[in-house]
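Structure first, commentary second.
None of the figures in this text is laboratory data; all of them are computed from the coordinates on show. Fair warning: this is a prediction, and the values are worked out from it, not measured in the lab. Cβ atoms come from the backbone with ideal geometry, glycine included; neighbour counts cover every protein chain shown.
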Amino acid sequence: MASESTGSLEKAACKALLLGALSLGCGLLLAAPAAPAAPPIPLAAVLPQPQRLQALENQAPFELDRRVQVWADPALRAPAQALARELGLRPARSGQAPATGAPGRQIRLALAKDLPAVAGAYRLRMAGEALVIEAAEASGAFYAGQTLRQLLPPAWRPRGDARVRLPAAEIEDAPRFAWRGLMLDVARHFHDAARVKRVIDQMAAYKLNRLHLHLSDDQGWRVQLRSLPRLSQVGGRGSHSQPNTGPARYFSEADVREIVRYAAARHIEVVPEIDMPGHSGAAARAYPEFFDGRVTFNPAKPETYRFIDTLLGDLVRLFPGRYLHFGGDEVWVNNTRWKDMPEVMALARKLTPADQAPQLKAVEADFARRVVQLIQKHGRIPIGWDEVIAAGLDDPALLVQWWRMDKPEAARQALQQGQSLILSPSDRMYLDYAAGLGEPGAPWEGNTGGPVSVEKIVAWEPMPEGLSEAERQRVLGIEAPLWTENVRSESYLQFMLYPRLAAVAEVAWRQSANSSPAAFVKRLAPHIQRWKAQGLNVRGSLEDAHRYRLH
């Protein structure tokens, strides 16, 4: 920015120029000096930690400013355009890029055949006049762009005179796990599409690729389904803190399509969850004829399954992804009615061996089995919480999400049955737990094993010991749930997510637990600065927690 004295000179010069030649603009006479190049973030601070990072000694740095041109192979045009927008550069050009020695600095995105055969793999080389991104497919090029963005100063914005000098280096990288997820509960307290999109932005920045939306529970139903309008109109009213009151709040069909589109552009797949047979109080308020008089489906009525079939049909038209989560957890927490319902006990007797007393667990397993078949009928891969294993569901087509940290046998049983696994142990992955003692968080959780701190997350090695190679291949990855009984606002949501979301991403991406928690916390520092520069309510320190504890 020009100084006060420089501004006076400009005014005098403009006055003289206007007297002599009104046709010339005064901006031609005196140009502001170029802004100095901003220092980049250290290479070692990239999150998640890359597989290989090498500084190129005796090579010139790559200077990024508005004059840099972006060229891309046609197959990588979408991530190239996204990167150009984020860096404030002219739209990317498709086709053969100029030779390396051509004038002008360039960012080039090219297809590579020598990278690991893993979705998301990339190579990034920056030195002198060229920054080259190589990937086998679009997600790898996109993730390379996220790595590049992390090297920019925390408060950097793509302005006309903004410059940053990036160190000469080469990064080669690929994710460890295919499933790198976050679960967001929008049922207990609703969080609208704009808020969800802001979470998606941060997921993408740290290379997470699954957004699991918990769309229904006792407190609220949060998605509009055309065939069953009362689900959202009646079930959408209320929240955990204000039960069954106020206007209905839910995602419209247009909201869902926008969330799905926005996520897909950032290589994130949206996984919808409709929890059943329990945790279904909102649906029960809307259509009580299919329930037990409280919050659990009536599993003995044929009409119940026709209702679920209709529900799933509408859902898959809105969510085009490969997966559909049906919950299946905590069936017995609020279920006190099945044992008193003659039709349910008759079904239990039918499903239980004749020499045994009727088992309601057999009814639970039968319900889950029938729902799995309906999900498959609609062309989706079914997912259930690990209670479905305890109930006796052994279908190898089922993807199991393990969360009960005190039930490791459920995870092992799933793998032994040929099922694939997502790891979400509550003592490591539950982001509704407090990050530190006395801090905001779910008051009834987080005590077993202590709070879920950044250090505790990063210290976790997720792969269970003693697995065969075939079983290891069926451990798809990890997912961090954020339940929202207490998360009423976006400010609270951000406080629980950041910086722990980056720690989750680190564990999901890195090849093994080869970095100390203390070292990770040091690497977090510029990311916390960046989040704060973006206006996010981040828990960057214990002092931040103390300031926020009365929220």
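Considering the Cα positions of the range 42-86, please state its Rg to one decimal place and its Dmax as a whole number of Å.
Over the range 42-86's Cα set, Rg and Dmax evaluate to 13.8, 34 Å.
Please say if the range 132-214 is rounded, prolate or oblate, where rounded means a/c under 1.5 for a ≥ b ≥ c the square roots of the C-alpha gyration tensor eigenvalues, and otherwise the choice is prolate for a/b larger than b/c and oblate otherwise?
Numbers: a/c = 3.17, a/b = 1.49, b/c = 2.13.
Note, shape of the range 132-214 comes out oblate.
Could you calculate the FRET efficiency of LEU111 with LYS301 from 1/(1 + (r/R0)^6), where r is the beta carbon distance between them and R0 is 56 Å, rounded to 0.05? Don't skip to the end; give the middle numbers.
Details: r = 55 Å, r/R0 = 0.98.
E between LEU111 and LYS301, to the nearest 0.05, is 0.55.
Within the chain, what's the longest stretch lacking GluC sites (Glu not before Pro) that sit in DSSP loops with no more than 11 other Cβ atoms inside 10 Å?
The segment 58-464 is the longest one with no such site.
Go ahead and estimate [θ] at 222 nm for the chain from helices alone: -39,500 (n - 2.57) per DSSP H run with n ≥ 4, summed, over the residue count, rounded to 500.
About -10000 deg cm²/dmol.
List the lysines whose Cα lies under 30 Å from the Cα of LYS339, skipping any in the same chain that are fewer than 8 positions away.
LYS301, LYS350, LYS361, LYS407
Given the C-alpha centroids of the range 191-207 and the range 137-169, what is the distance between them in whole angstrom?
Between the Cα centre of the range 191-207 and that of the range 137-169, the gap is 19 Å.
Work the Kirkwood hydrodynamic radius out for the range 43-173: mean of 1/r over every pair of different alpha-carbon atoms, inverted, in Å.
This gives a value of 14.6 Å.
Stick to Cα atoms and the Kirkwood definition of Rh, then tell me Rg/Rh for the chain.
With Rg and the Kirkwood Rh in hand, the quotient comes to 1.05.
By a straight-distance test (C-alpha under 27 Å), which lysines pair with LYS113 as possible cross-link partners, with residues fewer than eight away in the same chain excluded?
LYS207
Exactly which chymotrypsin sites (Phe, Trp or Tyr not before Pro) in the range 406-508 are in a DSSP loop and have at most 13 other Cβ atoms within 10 Å?
Sites meeting the loop and neighbour criteria: TRP444.
Which of the aspartates and glutamates could a cross-linker span from LYS377 if the Cα-Cα distance has to be under 16 Å and same-chain partners fewer than 8 positions apart are dropped?
Candidates past the 8-residue exclusion: ASP309, ASP314, ASP395.
So how tilted is helix 193-205 from the main axis of the chain? Cα-based, degrees 0 to 90, rounded to 10.
70 degrees
Return the inverse of the average 1/r over all pairs of distinct C-alpha atoms in the range 223-291, which is the Kirkwood hydrodynamic radius, in Å to one decimal.
Taking every pair of different Cα atoms in the range 223-291, averaging 1/r and inverting gives 13.3 Å.
If each residue of separation counts as 0.36 nm, what is the full-extension length gain between ALA78 and VAL333 once their alpha-carbon separation is subtracted?
Additional length available on full extension: 87.1 nm.
Which FRET efficiency value, to the nearest 0.05, do you get for GLN233 and ARG52 by plugging their Cβ-Cβ distance into 1/(1 + (r/R0)^6) with R0 = 51 Å?
Calculated transfer efficiency: 0.40.
Under a point spin-label approximation (7 Å from Cα along Cα-to-Cβ), what is the GLU86-ALA38 distance to one decimal in nm?
Each label point is offset 7 Å from its Cα along the Cβ direction, giving 1.5 nm.
For a quick check of your reading of the filter: which trypsin sites (Lys or Arg not before Pro) in the range 87-176 sit in a DSSP loop and have no more than 14 other Cβ atoms within 10 Å? Show your work: numbers first, answer last.
Values: sites: ARG93, ARG105, ARG108, LYS113, ARG123, ARG125, ARG149, ARG159, ARG163, ARG165, ARG176; in loops: ARG105, LYS113, ARG159, ARG163, ARG176.
Here the sparse-neighbourhood loop sites are LYS113, ARG159.
How many nm is it between the label spots at SER512 and ALA60, if each spot is 7 Å from the Cα in line with the beta carbon?
Result for the modelled spin labels: 4.1 nm.
At what distance in angstrom do the alpha carbon centres of the range 280-314 and the range 475-551 lie from each other?
The distance from the Cα centre of the range 280-314 to that of the range 475-551 comes to 37 Å.
Run through the range 314-411 and list the trypsin sites (Lys or Arg not before Pro) located in a DSSP loop whose Cβ has at most 14 other Cβ atoms within 10 Å.
For trypsin sites (Lys or Arg not before Pro) across the range 314-411 that sit outside H, G, I, E and B with at most 14 neighbouring Cβ atoms in 10 Å, the list reads ARG322.
Could you tell me the calculated FRET efficiency between VAL521 and ALA194, based on Cβ-Cβ distance and R0 = 41 angstrom, to the nearest 0.05?
0.85
Could you order peptides 45-51, 533-539 by the average number of other Cβ atoms within 10 Å of their residues, highest first? Walk me through the numbers before you get to the answer.
Working: 45-51: 20.3, 533-539: 17.7.
Taking the mean over residues of other Cβ atoms within 10 Å, the ranking is 45-51, 533-539.
Pull up all non-local amide H partners of LEU166: gap of 5 or more, or a different chain, and H-to-H distance under 5 Å with H placed in the peptide plane.
PHE62, GLU63, LEU64
Any chance you could give the angle, 0 to 90 degrees and rounded to 10, that helix 517-533 forms with the longest Cα principal axis of the chain?
That helix lies at roughly 70 degrees to the long axis.
MET341 versus MET463, label points 7 Å from Cα toward the beta carbon: distance in nm?
With each label point 7 Å from Cα toward Cβ, the separation is 4.4 nm.
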